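Taking it in order: structure first as structure tokens, then the write-up.
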Amino acid sequence: MSDHAFATRAIHAGQAPDPVTGAIIPPIYQSSTHVQDSVGGLRAGYEYNRAGNPTRSSLETQIAALEGGAGALSFASGLAAEDALLRGILKPGDHVLLGNDVYGGTYRLLTKVLAPWGIETTTVELSDADVLRAAIRPETKIVWLETPSNPLLKIVDIALITEIAHAAGAVVVVDNTFASPALQQPLALGADLVVHSTTKYLGGHSDVLGGAVVFADDRFFDQIKFQQFAVGAVSAPLDAWLTTRGIKTLALRMRQHSENAQAIAEWASARPEFAQVFFPGLPSHPGHEIAAKQMSGFGGMLSFGLAAGADAARAFVESTSLFQLAESLGGVESLIGYPPDMTHASVRGTELAVPENIVRLSVGIEDVSDLIADLEQGLDRIAG
Ligand SMILES: Cc1ncc(COP(=O)(O)O)c(C=O)c1O
């Protein structure tokens, strides 16, 4: 599969027809256990669902092929994947350097769940390489970044950060949820591990929760697989199957998400109601050049700051109708959110707090003229 193009791998990797019946779509193996021919005589290596399930394996093969990884593991949620990764690699006394604009739940996991077990986390501005060089310490085990980041769409130079982190002996983890492997492949740029909330673009239809860890090589696989087996936050067979189905259209969807978001970012830039538009596809974005170098499209996420402040931002997210007010992102339908009270409520008052006038869009794949008309009527409503 590795010599095929991305869109082909998305449809065929791990998705061979059922060898017994010829069913074109691999079945959902909705089974908690597997018959053994003798004690320990496993068929195809499957024993018990927490250890392994054929539907989960087919998803893991598909995701590894998309990221160009040596392997992947799939979990019940993005945060379950992050937790298994962190506990699989870190031990008490280790230090993590975390980009300073990341999903609030990642910060919460590190500072509220893992800190009491002896893991120290420092947040850092990763778009400035000198800041990273100064912040890295002998006990820094992981440098964790998101690019584009949530919710301010900051861009980090993955190859540069990896070079600096590796020189200091640290491992680089990239949360590739916002870009998806259709637009950005961090392992090819030197990162060691990729994490995903597959709930988002990989699943693509807002109907399933899931997460994944993807491995550049086999260095950390056994440790993280052990966490998955010992703790059990695995993806259920139906969830894994829904995700494999979503992934098959990823290449097409990401093209349309990117095209629609670009049009909305350009429209928003010309509107006086928005003081800032955060979208890496705009030449005015400080990370535009790096994004153009390391991404093949700019994605479907964008944020803007309302010139009239926090109350206007709150009113605006309640004034649209096609853009539904909801948490999450990456589905075919457009969503609007107010990060300070929603996705980033857990970081209010911390060093990761986001501006109070921010609105975040997950731009779907509806007709873009309908989406812009919806935003325009929203602006009219809050003005009137
Ligand atoms: C960038 C990013 N990473 C990780 C997560 C966590 O994923 P999940 O909600 O599937 O646990 C999210 C969720 O919003 C996210 O936006």
Net charge, residue 35 excluded, C-beta distance under 14 Å - Lys, Arg +1, Asp, Glu -1: -1
Dipole of the chain, positive direction: furthest Cα of 306, 265, 203, with charges on the beta-carbon: 203
The stretch 1-130 shape via C-alpha gyration tensor axes, a/c threshold 1.5: oblate
Paramagnetic label zone (point 7 Å from Cα along Cα-to-C-beta, residue 321; backbone N under 13 Å) in the stretch 355-371: 371
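Nearest 5 is fine: what % of DSSP beta bridges in the chain come out antiparallel, could you say? Don't skip to the answer; put the middle values down first.
Numbers: 26 of 45 bridges.
If I count the DSSP bridges inside the chain, around 60 percent turn out antiparallel.
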Gain in span if fully extended, residue 252 to residue 373, counting 0.36 nm per residue against the direct Cα distance: 41.2 nm
Residue 311-residue 8 FRET efficiency (beta carbon distance; Förster radius 56 Å; 0.05 resolution): 0.70
Of the DSSP H helices in the chain, those whose Cα atoms cover at least 24 Å axially and whose Kyte score averages -1.0 or more: 250-269
Separation of the residue 91 and residue 24 label points, Cα + 7 Å toward Cβ, nm: 5.2
Where N is the number of residues in the chain, Cα Rg divided by 2.2 N^0.38 Å: 0.99
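For residue 289 and residue 133, calculate 0.36 nm times their separation in residues minus their Cα-Cα distance, and state this gained length in nm to one decimal. Display every interim value, and only then the final one.
Working: separation 156, 0.36 × 156 = 56.16 nm, distance 2.19 nm.
Full-extension gain reported as 54.0 nm.
Return the calculated 222 nm mean residue ellipticity for the chain, to the nearest 500 deg cm²/dmol, obtained by summing -39500 (n - 2.57) across DSSP H runs with n ≥ 4 and dividing by the residue count. Could the numbers behind the result be given before it?
Details: 12 runs with 128 residues, N = 384.
Roughly -10000 deg cm²/dmol at 222 nm, from the helical runs in the chain.
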Check: the chain dipole with +1 on Lys, Arg Cβ and -1 on Asp, Glu Cβ, in debye: 740
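Each value in this text was obtained by applying a stated rule to the coordinates, not by laboratory testing. Quick caveat: nothing in here was measured; it's all calculated off a predicted structure. Neighbour counts run over all protein chains shown; Cβ positions are idealised from the backbone, glycine included.
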